[in-house]
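Read-outs: derived from the displayed coordinates by stated rules, not from any lab. Given the structure is predicted, the values throughout are model-derived calculations rather than measurements. So basically every Cβ, Gly included, is an ideal-geometry build from the backbone, and we count neighbours across all protein chains shown.
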Amino acid sequence: MSDSEEDHASGDRLGTPTAVTLRASQADDPHMRDAARYPRRVELIVALFFIAGIAGVCAFGAAYVENAGTQVYGATLFIGLFCLGFGLTAWGKYLMPQGPFVEERHSLASGEQAREALAAALVERTGIVVKRRKVLGGLLVTGMGIFGIVAAFPLIRSLGPRPRSSLFVTNWKKGSLLVSQTGRPVHRTDMQVGGILTVFPKGKQSTPTAQAVDQTVLIRVQSTELVTMKGRGDWAPDGYVAYSKVCTHLGCPVGLYEQEFELLVCPCHQSMFNVRDGAFPVFGPAPRPLPQLPIYFDSTGFLRARAPYNQPVGPGFWERTTEGNGKASAT
Ligand code: FES
């Protein structure tokens, strides 16, 4: 037998264990034995906990889809995570080799052959540990994988529904009847000069999702025709003028009317809009005027919309997003 063959079989001259000697001593190595007295039984218990954990995580996902309530979310998530964690801890405590692991060596500098042999032995030992618990490993990976998928559910739902085109269009259409929040149509004789009323398109006044963008302030500024801007000659009959109630700064409802100065005031950051001048902002952070709704009296004397808003209502965001895409932009 050559020197190298001899080394390979029983260790090098420095006494460092090689792959062969390690493999031979594995059966007798107390550190490589399971810590549990009855490993099969423990294996079964760990598997049961993993299965319970998977069931708990799946139940959490189903509860979330069904909107079953926070108590059910908490209970199912607790069961899932507790069982997976318990199984993992028991596996590590009773079925994995326990230390201390000590490798006796005479010198820190090993030869090339010894290093290769040690690397092979490490790979082999690790492989044995993993291979021995294939089922448990599969269950653990399945449980953690399902938990990862289920954990994404709240993130998706918390973003809320997609706004789609509702941010760009309102329910105001040509001919929409102006009604108060109680659904009462507004007649020519209903308001005095200086009066203010929040109106909606008929049929949409009690729809919570529509109210935000549809809400419109109707003000009677004078008793004769009013022209708020060039090109809006027939938009404000008998001094009735209608503007979007959604502030162009951050979207608060512009609900205050300073009658003496004919200013609409936003209570959030005190933006003021000149009612006679196309709701142009004269004070505060609002970047553009409130969109004006063109209105007219029908043959019975009730107010109707002449057309929808000619631009998106609300904060200045719309100005930036509508630029260059063919949609209406701020005036
Ligand atoms: Fe109206 Fe800021 S939201 S001024």
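Projected label points at PHE86 and VAL123, each 7 Å from Cα along the beta carbon direction, are separated by 3.9 nanometres.
Hydrodynamic estimate: the Kirkwood radius of region 40-84 over Cα pairs, inserted into Stokes-Einstein at 4 °C and 1.567 mPa s, corresponds to D of 122 µm²/s.
So if each residue of separation counts as 0.36 nm, and I subtract the Cα-Cα distance between ARG37 and THR70, what length gain in nm does that give? Answer, rounded to one decimal: 7.7 nm.
Summary of packing: across the peptides 37-48, 275-286, the per-residue average of other C-beta atoms within 10 Å ranks them, highest first, as 275-286, 37-48.
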